[in-house]
Every structure is written in structure tokens, then in C-alpha cells.
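What follows is a short report on a single structure.
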Amino acid sequence: MMTLKLPREQKETMIAAVQAYFETERGESIGSIAAEGFVDFMIGAVGPHIYNQAVQDARRTVNERLASVEDDLYALEKPLPRLGR
């Protein structure tokens, strides 16, 4: 399976958010190494579920748009003359 590679700036933002969460919600201070480990764990454990849901959402949106385009294309068709009558 492909592993998610985040830009360092994004990962640092996530690490800071985890540290703030632990401090605010649990009254615990954790270092950046522990917070980075937690981020890595969550990306591995939860990331695929979120990714798959995003793919399903994108698929649904694309299918809805394609159905709309198909309707528009049918509307552009010209009626054919009836021959022999």
C-alpha cells in the first residue's frame, strides 16, 4: 500500500495541533517526537478510511456530473425525419 507523504510544514502543523489537544483536553504535555508518532499512527490507521470515503464522494460527484452531461447531449439531438409516409 502507498504511504502518505505530507509536506513537512503540514506535518509540523498537525504535530502542534496534537500537542495542543493533549494539553487542552487531557492536561498532558507531550513532546514533538511523541506527537509525530501519534500523527504517523493516525495517518496509518485512519487515513485509508478517510481516503476511501473521499474517493467515493468524488466518484459520486463525477457520476452525477456525467449524468447531467449525458442529459444535455440527448437534448442536443435533432429529431430524424420519418421517410416513406
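Can you find a residue that is out of contact with any Leu (no Cβ under 9 Å at 6 or more places or on another chain), among the aliphatic types (A, V, I, L, M), in a loop (DSSP other than H, G, I, E, B) and at pLDDT 95 or above anywhere in the range 32-44? Walk me through it before giving the result.
Keep residues of the range 32-44 that are out of contact with any Leu (no Cβ under 9 Å at 6 or more places or on another chain), which gives 32-38, 40-42.
Filter again for among the aliphatic types (A, V, I, L, M), leaving 33-35, 42.
Those still in the list that are in a loop (DSSP other than H, G, I, E, B) too: none.
No, every residue in the range 32-44 fails to be out of contact with any Leu (no Cβ under 9 Å at 6 or more places or on another chain), among the aliphatic types (A, V, I, L, M), in a loop (DSSP other than H, G, I, E, B) and at pLDDT 95 or above.
For the range 33-67, enumerate the residues that are exposed (fewer than 10 other Cβ atoms within 10 Å of the Cβ) and among the small types (G, A, S).
Answer for the range 33-67, where residues must be exposed (fewer than 10 other Cβ atoms within 10 Å of the Cβ) and among the small types (G, A, S): just A45.
Just give me the residues in the range 51-71 being modelled with pLDDT under 95 and aliphatic (A, V, I, L, M), in sequence order.
Across the range 51-71, the qualifying residues are L66, A67, V69.
Quick one: G84 ticks every box in (1) modelled with pLDDT under 90; (2) in contact with a helix residue (DSSP H, G or I) (Cβ under 6 Å, 6 or more places away or on another chain) bar one, so which box is it?
Exception for G84: condition (2).
Considering the range 1-28 alone, what residues qualify as being of a type in the set (D, E, K, R) and part of a helix (DSSP H, G or I)?
Initially, the range 1-28 is screened for residues of a type in the set (D, E, K, R), giving 5, 8-9, 11-12, 23, 25-26, 28.
Scanning the range 1-28 gives R8, E9, K11, E12, E23, E25, R26.
The values are calculated or read from the model by the stated rules, or taken from the named source; none is laboratory data. Predicted, not measured: the structure shown is a model, and the values here were computed from it. We place every Cβ from the backbone using ideal geometry, glycine too, and count neighbours over all the protein chains shown.
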